[in-house]
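Accompanying notes for the structure given below.
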Amino acid sequence: MSWEAAGVKEIKKRAYILAMAMFFFSLFLFFRMFFLQVIDAEKYQTLAERNRIGLRQIAPARGLIFDRNGLPLAQNRKTFRAILTAENTEGSVSAVLEKFKKLVPLEEEEVERILKDVKKRRSFVPVRVKEDLTFEQMASLQLNMPELPGISIEESLMRVYPEKETSAHVIGYVSFLTEDDLKKNESLQNLPDARIGRTGIESFFEQELAGVPGTRRMEINAVGREVRELERQEAIAGEDLYLSLDARLQKIGFDAMKDESGSAILMDVRTGEILMLVSTPSFDPNIFNYPIDSKTWKSLNGNDRRPMVNKSISEHYSPGSTFKIVVALAGLDAGTIKPSTKIDCEGRLFVGDHPFHCWRRKGHGALNLIEALQHSCDIYFYEVARKVGVDKIVETADRLGFGKKTGIESQNEKSGLLPSKAWKSAQFGDGWRLGDTMNLGIGQGFLNSTPMQMVQMMAWVANGGYAVKPTLLKQDPDKVNSESLGFSRHYLLEILEGLKAVVNKSGGTAYHTRFDVNGQYMGGKTASTQIRRISLAEREKGLKQQHELAWKDRDHAFFVGYAPVNKPRYAIAVAVEHGGGGGMVAAPIASSIMRQVLELEIADKEAERQRIQESVSKLSLKNKPKTLYPVFTDEEKEEN
């Protein structure tokens, strides 16, 4: 065979192999196309639709918050903001921001935040530049818009707190989303400029207040950029909330606390409604509408008086002599003492070699229960605690809500600490000692409670022994749930008589704070709790006055009370950190608040009476029949 024939044969062989390869490849393509277009047609049609159609969320209007009388505590204000779309900047984002800064001031921290957001997001996703533009700033930006490629102005809603510091700890505040927020909830990725509640009511009722985002069905191209809007479903605004608070009482409480570090709470003993909840010092929640600079943040969190902490529910203290109410009730309930039981106070007593002192060095002499409460005699309650025992005291305190959260609408409520034999054994591997019981008898030692627990205890004692749950939501009085705590009403009345004497009888520890508002009086209990151990040498040398000590070394001051004494409606708790003395500091604050509460109640009733009278008068005039003939006086009749 010639080399030409061999070459032709080789070419034919290769052509055959290539033809077979093309045939099988075509066959493969045919079956693949059949599979894609027929068998999996529905699946890929859906995927294609998803590539073509995109969903964009619309932020809903946040629900409003009102006080019990309809006064707004949290509102939404329409405002305008500047946003930047990186792909439209026609160059450097930094260069555009430099031009922007010449028209509208931007802090360096804001610039850093904007540049960081631009890097994190795709170039066609807008980034927030400046919130709450003034009219002058908007005009300046509009005039210079050709020089600011990528910058645009859009309408938005800003949260506003008209009561500012007065109700900051109760209402809380909202702020922009953080990286952690976006990691925890991926659905927020489409609402990067939304705000969420951080503390207080704003945080606890976030789901109800936030509403439901709306959606926009957009036609998008291959890279995800919007082409046109196909369909829109509007967002559903969040629910409005009506709180139990009275904004007028909030201001009264805030002004009464002044520059003290502490809290004041007023509770309706019948419904459990919290009418006033103040924590001082406070802060203006409106500042969180804007990026917080590091200096401001440090000033809030580095302050020794902790303005960011809600001391009413998130701080706990030894309740001191306010706990004597519990010890007295435990003694009566156990039958260990009677109201008439007298105990002699000589100024101190010994447990072994350890002395336990009364606050009055010379002692009080022989006192019964009412007198012991009136004078806040420590020796009396040391003896009652020793006789009744720790188990009964703990059981009574537990029934009155100590050592557990009250259930108030807050995510930051603390439970305090109600110590027991089992607790001490588990905590320290040590047995309970008589000295521990003695300390518990005057509300010190391991015991800790929040001001909210204190006012709850006072309310339950004042209302006749019924457990009503503290709440920040406005209640229907006819639908309030309560249950009896099982205490004798007679014993509760004896204790209330003692608390009445504290304020209204000469020698009472709060006698100087008494008042009379149309025959209405206040009763209560003072307390001062040591925060440092006092040595025997210091006692013998003579203790320094509280005002002579450094602020951090002074005693905490407390007062719990109720009014009116003849038919209790309100319970109050005032806590003043390092105040120095319950009778000298906390009681006057509580007295000022309670007096104004009763005066305001009288004024409200008078205003309501006048309103009803005016309505009746108008109704009478409206329904008065018209006379068809002139009406004459007797003189006119004679003349006619």
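FYI, it's all coordinate maths here, none of it is from the lab. On a predicted model such as this, the values are computed, not experimentally measured, just so you know. As a convention, Cβ positions derive from the backbone with ideal geometry for all residues, glycine included, and neighbour counts pool all protein chains shown.
Numbers for the structure displayed
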{"quantity": "Relative contact order of the chain, defined on C-alpha pairs under 8 angstrom at six or more residues apart (%)", "calculated": "12"}
{"quantity": "In the range 224-296, GluC sites (Glu not before Pro) in a DSSP loop with at most 13 other beta-carbon atoms within 10 Å", "calculated": "E234"}
{"quantity": "Helix 41-52 axis, angle to the chain major axis (alpha carbon atoms, nearest 10°)", "calculated": "70"}
{"quantity": "Amide H partners (placed H, <5 Å) of V129, local residues excluded", "calculated": "A82, I83, L84"}
{"quantity": "For L332, net neighbour charge (Lys/Arg +1, Asp/Glu -1) across residues whose Cβ lies under 9 Å away", "calculated": "-1"}
{"quantity": "Pairwise centroid distance, computed over Cα atoms, of the range 431-464 with the range 259-310, Å", "calculated": "25"}
{"quantity": "Among [x] 3, 14, 24, 28, 20, 9, 2, 0; [y] 3, 12, 19, 17, 13, 11, 9, 7, 4, 2, 2, 1, 1, 0, 0, 0, 0; [z] 3, 14, 18, 21, 19, 13, 8, 3, 0, the entry derived from the coordinates for P(r) over Cα pairs in 10 Å bins from 0, in percent", "calculated": "[y]"}
{"quantity": "Net charge dipole size for the range 55-242 [Lys, Arg +1 and Asp, Glu -1 on Cβ; Debye, nearest 20]", "calculated": "340"}
{"quantity": "Among L472, S299, G416 the positive-end extreme of the charge dipole of the chain (Cβ point charges)", "calculated": "G416"}
{"quantity": "The chain: angle of helix 247-257 to the longest principal axis, Cα-based, in degrees nearest 10", "calculated": "60"}
{"quantity": "Estimated vicinal HN-Hα couplings, Hz - the range 76-90 in sequence order (Karplus 6.51, -1.76, 1.60; Gly, Pro = x)", "calculated": "10, 10, 5, 8, 10, 9, 9, 10, 10, 10, 4, 5, 9, 6, 6"}
{"quantity": "Under 5 Å, built H, 5+ apart or other chain: amide partners of R569", "calculated": "A563"}
{"quantity": "Ranked by how many other beta carbons lie within 10 Å on average, peptides 160-170, 577-587 from highest", "calculated": "577-587, 160-170"}
{"quantity": "Neighbour-count ranking [beta-carbon atoms within 10 angstrom, fewest first] of K552, K324", "calculated": "K552, K324"}
{"quantity": "Which of M138, M158 has the fewest Cβ neighbours within 10 Å, and the rest in rising order", "calculated": "M138, M158"}
{"quantity": "Unit charges at the beta carbon, dipole of the chain: most positive-side option, V394, I325, F24", "calculated": "F24"}
{"quantity": "Electrostatic dipole magnitude of the chain [Cβ: Lys, Arg +1; Asp, Glu -1; Cα centre; debye, to 20]", "calculated": "1600"}
{"quantity": "Whole-Hz ³J(HN,Hα) from phi, Karplus 6.51 cos²θ - 1.76 cosθ + 1.60, for the range 595-604, glycine and proline x", "calculated": "4, 5, 5, 5, 5, 5, 4, 5, 4, 5"}
{"quantity": "Per-peptide average of other Cβ atoms within 10 Å, ordering 118-125, 250-257, 565-572 highest first", "calculated": "250-257, 565-572, 118-125"}
{"quantity": "Karplus (6.51, -1.76, 1.60) ³J(HN,Hα), θ = phi - 60°, over the range 448-462, in Hz, Gly and Pro reported as x", "calculated": "9, 8, 8, x, 5, 5, 5, 6, 5, 4, 5, 5, 5, 6, 5"}
{"quantity": "Packing-based exposure ordering (other Cβ within 10 Å, fewest first) of D117, D391, D353", "calculated": "D353, D391, D117"}
{"quantity": "Span from the the range 230-252 Cα centroid across to the the range 542-611 one, whole angstrom", "calculated": "31"}
{"quantity": "The chain: angle of helix 3-34 to the longest principal axis, Cα-based, in degrees nearest 10", "calculated": "40"}
{"quantity": "Taking N as its residue count, the alpha carbon Rg of the range 364-424 over 2.2 N^0.38 Å", "calculated": "1.45"}
{"quantity": "Translational D in µm²/s for the range 55-242 (Stokes-Einstein at 10 °C, 1.306 mPa s, Kirkwood Rh from C-alpha pairs)", "calculated": "87"}
{"quantity": "Residues whose placed amide H lies under 5 Å from that of A74, excluding near-sequence neighbours", "calculated": "I65"}
